[in-house]
1. Restricting to region B:178-199, name every residue that is within 12 Å of another protein chain (Cβ to nearest Cβ) and either surrounded by fewer than 10 Cβ atoms within 10 Å (Cβ to Cβ) or more than 21 Å from B:Gly93 (Cβ to Cβ) (or both).
2. Would you check if there is a residue in region A:57-64 being aliphatic (A, V, I, L, M), farther than 26 Å from B:Pro164 by Cα, in a strand (DSSP E or B) and under 16 Å from the mean Cα position of the chain (by Cα)?
3. A:Leu147 - would you say it is touching a strand residue (DSSP E or B) at 6+ places or on another chain (Cβ under 7 Å) and either open to solvent by 20 Å² or more (accessible area, probe 1.4 Å) or assigned to a loop (DSSP other than H, G, I, E, B) (or both)?
4. Could you tell me which numbered condition B:Ile56 fails, if it satisfies all but one of (1) more than 9 Å from chain A (Cβ to nearest Cβ); (2) out of contact with any Pro (no Cβ under 8 Å at 6 or more places or on another chain)?
5. For the condition under 24 Å from A:Leu170 (Cα atoms), at pLDDT 95 or above and within 9 Å of chain A (Cβ to nearest Cβ), what is the one hit in B:Leu30, B:Leu22?
6. Read through the list (1) polar (S, T, N, Q); (2) without any contact (Cβ under 8 Å) to a residue 12 or more places away in the chain; (3) open to solvent by 50 Å² or more (accessible area, probe 1.4 Å), then give the number of the only condition that B:Asn175 fails.
7. Name the residue, out of A:Gly93, A:Gly128, that is at pLDDT below 95, closer than 26 Å to A:Asp69 by Cα and within 13 Å of chain B (Cβ to nearest Cβ).
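The values are calculated or read from the model by the stated rules, or taken from the named source; none is laboratory data. Bear in mind that the values here come from a model prediction, so they are computed numbers and not experimental data. We place every Cβ from the backbone using ideal geometry, glycine too, and count neighbours over all the protein chains shown. Surface areas here come from the heavy atoms of the whole protein model, side chains and all, with no ligands, DNA or RNA. Shrake-Rupley method; radii C 1.70, N 1.55, O 1.52, S 1.80 Å.
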Number of protein chains: 2
Amino acid sequence: MGSSSAPWKQLLLSSIEANSHLKHHSYFQLATVSSNNRPSNRTVVFRGFQDDGDKILINTDTRTRKINDLKHCPFTEICWYFMESWEQFRISGVVDVIDGTTPDPLKLEQREKSWFASSLRSRVQYVGASPGLPAVASEQSSQSPSLDPSIGPVAAFCLLLFDPHQVDYLNLKSNERLVFTSIASDSGKKLWTSQKVNP
Amino acid sequence: MGSSSAPWKQLLLSSIEANSHLKHHSYFQLATVSSNNRPSNRTVVFRGFQDDGDKILINTDTRTRKINDLKHCPFTEICWYFMESWEQFRISGVVDVIDGTTPDPLKLEQREKSWFASSLRSRVQYVGASPGLPAVASEQSSQSPSLDPSIGPVAAFCLLLFDPHQVDYLNLKSNERLVFTSIASDSGKKLWTSQKVNP
């Protein structure tokens, strides 16, 4: 009560810290609903929180199917399981898709920040062959594309800004489960409540 | 060609083997669509394949929300990421929900087999407090429920039989991606084709 920070955020940061020695501990699964109303699920990488808030940053390629999914249905659920500490976070919320055509200058600024925050190796993927399309043998054998490190975000680079609405936390060691739910206050700020539920 | 086994199955079994020293390597994420048409995502445990086929077995509790999701929409997508070998399997398909009210005796037999194949510790969970409901303090402090090891599946025990239709395999070490797609043959048997696509 009284804290401006989301109460589950410290729990998540502690889990990230406790599992940081494990490879790929920052990978989680993002579920979406496709335009045929069937679920899709894939691994993506946690790129941190936006500023001091509770919105989660994810980088992706505008040419992937998840972009169509998110245009059809912006509601998503993250499932993040931590192997070392036996903890699961199920985070449901809404995704804002930010590509180069976004009119909002502040969002474009955040997209550029995320672009330069990722490694050159990551950035190069966005000038490579279109993900999911049939692989052409000649492209496989040709040399990898190169990219000027000073160049800004390319057209295929897309930032997903995930705004959490509910967090379902399960600890399999202590066998405890907590559900955090947000409501919008009159000022538009999220207010979080939590409830202990059966695991 | 000519093999009766699904071509991706050996790939998956090899990944399981290569990651078997890791804790929880048999955990994957199952995405469903809820009745409000939003996605849900949670970690579940791989309980093997049914007989010699390609159908995947998952145990769950009839009192969890995923059962309502599956009645609303039987289509699901598994995302299984292997940390050690940097491999991802996205498996989409249809789930058959098998609880004690299922009329088919062969399915009931499979459910019983899955019940006795799980540990007593796992089975005891199905006679515990209803998952997701507000925790009552008195239930928390009371002793754990006990269960006769010879007793058959209780009402809350539910078997999910997952029938894969498509498998999207990604190897982040070799940077290769293969999509396996099934079509039903005239005899009703699945025929699998595969295509190399851009990662």
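1. B:Lys196, B:Asn198, B:Pro199
2. yes
3. Values: touching a strand residue (DSSP E or B) at 6+ places or on another chain (Cβ under 7 Å): no; either open to solvent by 20 Å² or more (accessible area, probe 1.4 Å) or assigned to a loop (DSSP other than H, G, I, E, B) (or both): yes.
When the stated conditions are applied, A:Leu147 does not pass them.
4. Only one criterion is unmet by B:Ile56, namely (2).
5. Sole residue among the options that is under 24 Å from A:Leu170 (Cα atoms), at pLDDT 95 or above and within 9 Å of chain A (Cβ to nearest Cβ): B:Leu30.
6. Only one criterion is unmet by B:Asn175, namely (2).
7. Numbers: A:Gly93 fails: at pLDDT below 95.
From the options A:Gly93, A:Gly128, the qualifying one is A:Gly128.
Residue by residue, here is whether (1) open to solvent by 30 Å² or more (accessible area, probe 1.4 Å); (2) farther than 21 Å from B:Leu22 by Cα holds:
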residue: B:Lys71; (1), (2): yes, yes
residue: B:Phe75; (1), (2): yes, yes
residue: B:Ile78; (1), (2): no, no
residue: B:Gln88; (1), (2): no, no
residue: B:Val94; (1), (2): yes, yes
residue: B:Ile98; (1), (2): no, yes
residue: B:Thr102; (1), (2): no, yes
residue: B:Lys107; (1), (2): yes, yes
